[in-house]
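Data block below; observations after.
The values are calculated or read from the model by the stated rules, or taken from the named source; none is laboratory data. Predicted, not measured: the structure shown is a model, and the values here were computed from it. Cβ placement follows ideal geometry from the backbone for every residue including glycine, while neighbour counts extend to all protein chains displayed. All accessible areas refer to the heavy atoms of the entire protein, side chains included, with ligands and DNA or RNA removed. Shrake-Rupley method; radii C 1.70, N 1.55, O 1.52, S 1.80 Å.
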Amino acid sequence: MQSKSKLIFVTGGLGFIGKHFVKRCLDMGHFVTNVDMVNYAADRFANEVFKKHNNYRHLEEDIAELGHLPESDFLVNFAAESHVDNSIANSRQFCHSNVIGVQRLLELTRAKSAAGAPHFIQISTDEVYGDIVEGRHRESDPLRPSNPYSSTKAAADMLVFGWARTFGLRYNIVRMTNNYGLNQYPEKLIPKSALRMRRGLPALLQGDGSYVRSWLHVEDAIDAILTIMQKGESNTVYNVHGKCELPNKDVVLKIADILGVPEKDAYVLIPNRVGQDVRYSLDDARIRALGWKSVRDFDKELKTVAMEDDFKRFL
Ligand SMILES: NC(=O)c1ccc[n+]([C@@H]2O[C@H](COP(=O)([O-])OP(=O)(O)OC[C@H]3O[C@@H](n4cnc5c(N)ncnc54)[C@H](O)[C@@H]3O)[C@@H](O)[C@H]2O)c1
């Protein structure tokens, strides 16, 4: 992607990562069409702010039912059901949005002439590889998802491969670790723990809290996606690893420390997630070779979230 204005078709651009991406694209002068059906995790407040830009358009539609793909240089697909615990309770909407939705987007892309089809960027996750006790997953590793959420995301990656081989799709798949940052819906570990502690309640830690995740600041994630759009090799998967790998318990204790909550009041243990993944970790040498690396400091950014996020837009 050169620096001149592009037409960018974003899906799920009112979700946590998508809205940071939309904001950056609008600031860069790109024209953004954002298809977001506005589910429970969508940020309506962000949409009102975006609508003040004349290079922004929102379509409140379901990607699985989308009838038309406007002319665009890139299609960046963030739209998905994204919370593992919800997928364990009921997987139906995950199959609908994360699999049928991607199939619909691929078909709409295929219907364009080769020259008119957008470059397809599928936003994926470290969870498609399943867990890894030691070492790091590389892009060539097999996909062994552990839960309904990650299974649907792995299925979507597979659809992209199939459409590339059979129909000549131009694509990149971006597999990122856990994102965190300001204005995330408070169902994920960091915002949920901060919100509970600020209400005088302990954080809820699944199992014994020893499960390790890699934390990627959302602005580092946006830098990574833009780097791939600008310099990435077409039809290639890129892993994107966070700057900090920690057990969930350590993350919760850091939040408690920031908020002045004594350790004894910081958390309670709750029954473990069924199929809990022990650790995720990615080898991201491929994207580092493009000049990207995760730079935001975890302790500093965690403090910003814990102290400044008021979650009012979701409550
Ligand atoms: N959050 C993370 O830590 C993380 C890490 C790696 C990858 N990802 C992936 O990044 C993407 C974005 O994640 P997020 O955390 O921003 O998600 P999110 O749940 O915060 O937001 C998802 C957005 O997509 C929209 N959406 C859902 N289904 C839709 C549909 N069928 N049609 C149109 N819009 C729909 C929702 O309204 C919402 O605004 C997802 O694909 C997710 O799998 C997330």
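Structure summary
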{"item": "Residue in the stretch 238-252 that is at pLDDT below 95 and either basic (K, R) or under 30 Å from W163 (Cβ atoms) (or both) present", "result": "yes"}
{"item": "Top-ranked residue of the stretch 210-227 - restricted to ones that are within 23 Å of G130 (Cβ to Cβ) and away from the ligand (no atom under 14 Å from the Cβ), ranked as most open to solvent (accessible area, probe 1.4 Å)", "result": "S210"}
{"item": "Residue among G116, G135, G130 that alone is in contact with a Pro (Cβ under 8 Å, 6 or more places away or on another chain) and more than 10 Å from the ligand (Cβ to nearest atom)", "result": "G130"}
{"item": "Filtered residue count, the stretch 281-315, keeping only those that are open to solvent by less than 30 Å² (accessible area, probe 1.4 Å) and polar (S, T, N, Q)", "result": "2"}
{"item": "Filter result for E233 (out of contact with any strand residue (DSSP E or B) (no Cβ under 7 Å at 6 or more places or on another chain), open to solvent by less than 60 Å² (accessible area, probe 1.4 Å) and of a type in the set (D, E, K, R))", "result": "no"}
{"item": "Selected residue (only one of V240, V278, V252 is open to solvent by 10 Å² or more (accessible area, probe 1.4 Å) and of a type outside the set (G, A, S))", "result": "V278"}
{"item": "Strands (runs of 3 or more DSSP E) completely within the stretch 155-209 that count 2 or more residues being open to solvent by less than 10 Å² (accessible area, probe 1.4 Å) and within 15 Å of the ligand (Cβ to nearest atom)", "result": "171-176"}
